[in-house]
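Novice: For reference, the structure I am asking about is given below.
The values are calculated or read from the model by the stated rules, or taken from the named source; none is laboratory data. This one's a predicted model, so the numbers in the text were calculated from it and none came from an experiment. Positions of Cβ are generated from backbone atoms using ideal geometry, with glycine treated the same way; all protein chains shown enter the neighbour counts.
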Amino acid sequence: MQRVKVSVEDLIRIVELCRTVEREGIDPFEVNVRAYLEKLKKYLPHWKLLDELLLDVEAINAISSIIKLQSDWIKSRSSSLYIDPIFVELKIRMLDQKMIAEAFLNSWHPIVAIDQIFSQKLKEAIDYWNNLLPLSERWREDFSPSTPIGTFDMDDLIELKLISLKDFDEKMKRLLEELRSKLKDNDKIDYWDFVCADTFEETLERAYITSFILTEGYATLLIDPLEERIFITLIKKSRKSIPCSLPIAIDYENWKNLKERKN
Amino acid sequence: MSEKEAETSIKLKRASQLLFFQRHKKLGLRGWELKKVLGKDFMSIIDLLNSELDKLNLQVKIVFEDFEAIDKPSEEQIDRARFFITIKNPLAVSDIISSGWRIDDIAALAAAIALIISRQGKAPKRDVEQILREKFPKWRVDMNLDRFIKNGYLSKDDKDILYIGWRTRAEIDQKMLMDLLLAK
């Protein structure tokens, strides 16, 4: 039997090619979808490692994006707005600036808007200015030596009665139970699927408490660098591993995108 | 004047104030914002405003979220659409020049938009630069593209791909632009 020469680089090449076509708006029909799919089918029995299989899945995903692009391409070509890009480029090169500008002006309907400060706002601004202390005085108040700059830790927050240890323990216990119930049928859960909640504040709280669950050693994170995904998995028995810190940034935009994806 | 007429007149003035006065960097208002102020039947006020603006060569332009012209939009599509006031009939070259636009800047904008439209709404920045540099010096191309992006005529992602911007959707009749360019 003839041995098929397989290499992971082929998969990476397919993914890269598809992503470039997608990114740069190149004609998606330039990609020989059938040939690539046949190649993937031929290679599939040779993949043994998880990373190889994941790369194979990514290649399939990239090829399916190309098929979607091909469908969009056909729709666009059949629309009344479609004109061959090469023809347009040629026209732009041939026409002088005045002719291009004339065509533009005949299709241009500029937005009309008024940008004005009202007397009421002006009065508010004057009042604000009159009440504003000079910068030197404000700085003296803000950074006076009596208020040294420092950081708060959990103990400080408990001492200030901003949070109670009992409440926090309760919340942590509840979240841990939720995590355990979600991991009953699966080994792992996507980090963002777990922490994302209905409100941004709740999401921040879940992310914060989750970090304590991880630090306490009830669960751990699995990182898939290929797909750039983070999973949470429970620790069933103690393992000897090197502890490390993983900063996970979360902001409002990030949360909004997650919510949209979730819905 | 009947009570209803008086109410309509107040709403008409309110609608023109809302649409004329700039609130954010991105102009115009969403349908739901107008609905909140003018009431559920705000589209009838917009129609009325449109007929008043027509006398001044102005119009209310509605840009739907998926950027397609819709004959019979649903309530949800109208809520999410953005409303602007635009000039109705095209301006004369002299009007544009006196408003601070140079003829070569307009040509550069037209060429960039036409190129992006022909490529299904997106094109690498370097391709647009390459074509513009055939007719304009590099510094002018760079300056113009930055200005077009800043003003919302074009938008750019982190991979340096240019797209049609929100202002182009609101202000430019894209089909007419392409027809006129190709007819020259």
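Novice: Go through the stretch A:181-211 and give me each residue that's among the aliphatic types (A, V, I, L, M), touching a residue at least 24 places away in the same chain (Cβ under 8 Å) and not in a helix (DSSP H, G or I).
Specialist: A:Leu183, A:Ile189
Novice: On to the next question. Please indicate, with yes or no, whether at least one residue in the stretch A:217-230 is modelled with pLDDT under 85, surrounded by fewer than 11 Cβ atoms within 10 Å (Cβ to Cβ) and more than 30 Å from A:Ala62 (Cα to Cα).
Specialist: no
Novice: Restricting the search to the stretch A:7-51, which residues are within 27 Å of the chain's Cα centre (by Cα), part of a helix (DSSP H, G or I) and surrounded by fewer than 16 Cβ atoms within 10 Å (Cβ to Cβ)?
Specialist: Within the stretch A:7-51, A:Val8, A:Glu9, A:Ile12, A:Arg13, A:Glu16, A:Arg19, A:Thr20, A:Arg23, A:Leu50, A:Asp51 meet the criteria.
Novice: When you go through B:Lys135, B:Lys156, B:Lys125 one by one, which is the residue that is at the interface with another protein chain (Cβ under 7 Å from one of its Cβ atoms), of a type in the set (Lys, Arg) and in contact (Cβ under 8 Å) with a residue 12 or more places away in the chain?
Specialist: That would be B:Lys135, the only listed residue that is at the interface with another protein chain (Cβ under 7 Å from one of its Cβ atoms), of a type in the set (Lys, Arg) and in contact (Cβ under 8 Å) with a residue 12 or more places away in the chain.
Novice: Now for a different question. Looking at B:Gly121, B:Gly165 in this structure, which one is among the small types (Gly, Ala, Ser) and surrounded by 20 or more Cβ atoms within 10 Å (Cβ to Cβ)?
Specialist: Step by step, each of B:Gly121, B:Gly165 is checked, and only B:Gly165 is among the small types (Gly, Ala, Ser) and surrounded by 20 or more Cβ atoms within 10 Å (Cβ to Cβ).
Novice: Working only within the stretch B:140-184, note down all residues that are basic (Lys, Arg) and outside any loop (DSSP other than H, G, I, E, B).
Specialist: B:Arg140, B:Arg147, B:Lys150, B:Lys156, B:Arg167, B:Arg169, B:Lys175
Novice: Filter the stretch A:146-172 down to the residues that are at pLDDT 70 or above and of a type in the set (Phe, Trp, Tyr) and list them by number.
Specialist: A:Phe168
Novice: Any residue at all in the stretch A:84-93 that's over 22 Å from B:Leu132 (Cβ atoms), assigned by TED's automatic domain parsing to the domain that holds A:Val21 and assigned to a helix (DSSP H, G or I)?
Specialist: no
Novice: Consider B:Ile97 carefully, then state whether it is more than 9 Å from chain A (Cβ to nearest Cβ), of a type outside the set (Phe, Trp, Tyr) and more than 16 Å from the chain's Cα centre (by Cα).
Specialist: Yes: the conditions hold for B:Ile97.
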